[in-house]
Structure formats: C-alpha cells, structure tokens
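Rule-based calculations on the coordinates, nothing more; no lab input. The model shown is predicted, which means the values in this text are computed figures rather than measured ones. Neighbour counts are summed over all protein chains in view; Cβ atoms, including those assigned to glycine, are modelled from backbone coordinates with ideal geometry.
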C-alpha cells in the first residue's frame, strides 16, 4: 500500500526536503538505465500514485505530468549502455541514482531509496525493499524514471526500427530475441548481458 508514512517520519523529525529515488531499466537487453529523484511539499496529495509497473502506459503519462506540476524538485539521471558494459548494471544503477539526486534543484535532507542497497551518499538515506509499492515519493520517482526511459526507447525505435523498441522497451521478449537473432545486436544493445534462456516480460 502506498503511503506517506516514510516521508512523515522525516517531516516530524524536522526535515523538510525528502527525496524519493527509483530507477527503470535494470533488466532490459538494450538502452540506458534511468533514475529519478522527486521531492514533494509536505502537504502533498495526489490520487493515483502507484508503482509504475502497476500502471498502464497512458496512466503513467498522465501521472508524469501531475508529478511535474506538484513536485518541488525533480532530478533525472541517465546512464547509457556503454557505461553499463564498463561498470556492470548494479554500479550503473547507483550512478544513475546519484546523478538524479545531484540534478535536484533543492538539496535533499533525507533520501528514500528503492531496494535493499545503495552506494552511499553524503545525505542520510533509508533503503526500502519494494519501496515503489510502499512509499509515495519512491512510487512517484518510479513513474518519472519509467516514462523518461520509455520516451527514450521510443526515440531509439525510430533510429533502429528493426528491433521493436517502442513496444518492448528493450526487454527480452520473443519479438526482441528474434530480431537480435535475425539482425544481430545494434549499437545500444548491452554487450555485457547474456541472452536469456527464457523470455521475460517488461519488468524490472
């Protein structure tokens, strides 16, 4: 259940600027990993915020615009396939999160991070397993990250039309695997990723 409980705990402690942080794109075979950090005012109320994976593409797009309107600050971090291949996807994910935090116009006083691990920061933080399904700010960040990455993959679909990126966003679907087999990998495919032995759905 999505709540403001994690944020409320920090607000009660006297901290005002609390950033939820999440990423999109750890699992795909192609494209970047994208992270977002979102800070809301303490009187925030938005109906419909949820884990981005539980929302339709149309709903995510609508929520994306609402979040942009209501948030005090939004930061985005994009780490491309070349860096993923150099440092591995986990470290690339941490880099994208740090970049997103650094791109906030307001320095946060506490970070709420989706997942069990974080690379650390000079800002106090709390890691939350399945945070995008529990924490309001993290869920909002998941929507910003997902929509941002989906839009990038739609652009790549125009550049590399044989792979179906607009449909599967780089995940290892049957269509995608068949395209790789037929055409070989393109420039944005992650060379460090092994082809999966079974098909996967669009998910992180």
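Results, tabulated for the structure shown:
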read-out	value
All positions within segment 142-164 that are in a helix (DSSP H, G or I), over 15 Å from residue 32 (Cβ atoms) and free of Cβ contacts under 8 Å to residues at least 24 places away in the same chain	158
Residues of segment 165-180 satisfying the condition of being closer than 15 Å to residue 27 by Cβ and in a helix (DSSP H, G or I)	165, 168, 176, 177
Matching residues, segment 60-88, being crowded, with 16+ Cβ neighbours inside 10 Å and on the phi > 0 side of the Ramachandran plot	none
Filter result (touching a strand residue (DSSP E or B) at 6+ places or on another chain (Cβ under 8 Å), part of a loop (DSSP other than H, G, I, E, B) and surrounded by fewer than 24 Cβ atoms within 10 Å (Cβ to Cβ)) within segment 5-28	15, 17, 26
Positions within segment 118-147 being over 21 Å from residue 46 (Cα atoms) and out of contact with any helix residue (DSSP H, G or I) (no Cβ under 8 Å at 6 or more places or on another chain), in sequence order	120, 122, 124, 125, 127, 129
